[in-house]
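Beneath this line is the structure, given in structure tokens, with notes to follow.
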Amino acid sequence: MLSWEQLNETCQACRQCPLAETRHHVVFGVGPQNAPIMLVGEGPGEQEDLQGIPFVGPAGQLLDDMLSLIGLSREKNVYIANIVKCRPPHNRDPLHTEQDACIGYLRNQVALLRPKIIVCLGRIAAQRLIDPGYKITQQHGQWVEKAGVAMTAIYHPAALLRDPSKKPDTFGDLRAIRSKARQLCPQVYSSSSL
Ligand code: URA
């Protein structure tokens, strides 16, 4: 297992899949390296590729608003990463071969972070981390435990922007994440009025 610094350096130099040819930046991850909650998206979009930071485009703004609703933030208690660290051209889904080339880096991040809770953002992350047959419309908000980590998935914020009728379901899922966090990592809320 690599340290945070070694892992970041390795990712920055990675050429293990063709996404390296078209990327502007490797999008490693953001958040405190001791965050008890980890969020995992599918892969960087245009803005993320240009800036090298996950979820900084329109979906990222919504994600930050969603986190703030339940007293969480990437500054304080949430680490955010993706299944693949380089942008798939035209924002297509990352191929299985690209995911396979990159997933070891995410696993190393999980091993370093040792989060209590992992929230998959959207179908691609849920199928990769929870179950290959995961149906996001039917299973979002359900909890499973894997290797001592409580895991769930919610709709991807980009899906909420495309289809706001999914927002009420997501509010419910966010409240459940807050309850789970109160239970598993109460320090997150210890100095807050929530
Ligand atoms: N969508 C993702 O899945 N990840 C990002 O970092 C940005 C948009």
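A few remarks follow.
- When only Cα pairs below 8 angstrom with a gap of at least 6 residues are kept, the range 11-65 shows a relative contact order of 32 percent.
- Per residue, the average separation of C-alpha pairs within less than 8 Å and at least 6 apart gives the range 64-142 a relative contact order of 20 percent.
- Listed by Cβ neighbour count within 10 Å, with the fewest neighbours leading, HIS25, HIS156 appear as HIS25, HIS156.
- FRET efficiency, LEU50 to ASN8 (Cβ-Cβ, R0 25 Å, nearest 0.05): 0.85
- Largest GNM mean-square fluctuation among ASP93, ASP131, ASP49, using the chain with Cα springs under 10 Å: ASP131.
- For the range 1-83, applying the loop criterion from DSSP together with a ceiling of 15 other beta carbons within 10 Å to the GluC sites (Glu not before Pro) yields GLU75.
- Along each principal axis, Cα extent of the range 1-135, largest first, Å: 38, 32, 31
- Ellipticity estimate at 222 nm from DSSP helix runs (n ≥ 4, -39,500 (n - 2.57)) divided over the chain, nearest 500: -12500 deg cm²/dmol
- When the Gaussian network model of the chain links Cα atoms closer than 10 Å, the mean-square fluctuations of GLN33, GLN12, GLN138 top out at GLN138.
- Kyte-Doolittle mean at least 0.0, axial Cα span of 15 Å or more - DSSP H helices of the chain: 58-69
- Gain on full extension, evaluated as 0.36 nm per residue between LYS76 and SER190 minus their Cα-Cα distance, stands at 39.8 nm.
- Distance (nanometres) between label positions extended 7 Å along Cα→Cβ at ARG92 and ARG107: 2.6
- Local electrostatic count, LEU161, Cβ distance below 12 Å [Lys/Arg +1, Asp/Glu -1]: +1
- Using θ = phi - 60° and Karplus 6.51 cos²θ - 1.76 cosθ + 1.60, couplings along the range 28-34 (whole Hz; Gly, Pro as x): 6, x, 8, x, x, 6, 10
- Amide H contacts of VAL78 (H built 1.01 Å from N, in plane; Pro and chain starts excluded): SER73 sit under 5 Å, all sequence-distant by 5 or more or on other chains.
- Mean separation of Cα contacts under 8 Å, 6 or more apart, over the residue count of the chain: relative contact order %: 23
Each value in this text was obtained by applying a stated rule to the coordinates, not by laboratory testing. Just so it is clear, the model here is predicted, and its values are computed rather than measured. In this analysis, Cβ positions are derived from the backbone assuming ideal geometry, glycine residues included, and neighbour counts consider all displayed protein chains.
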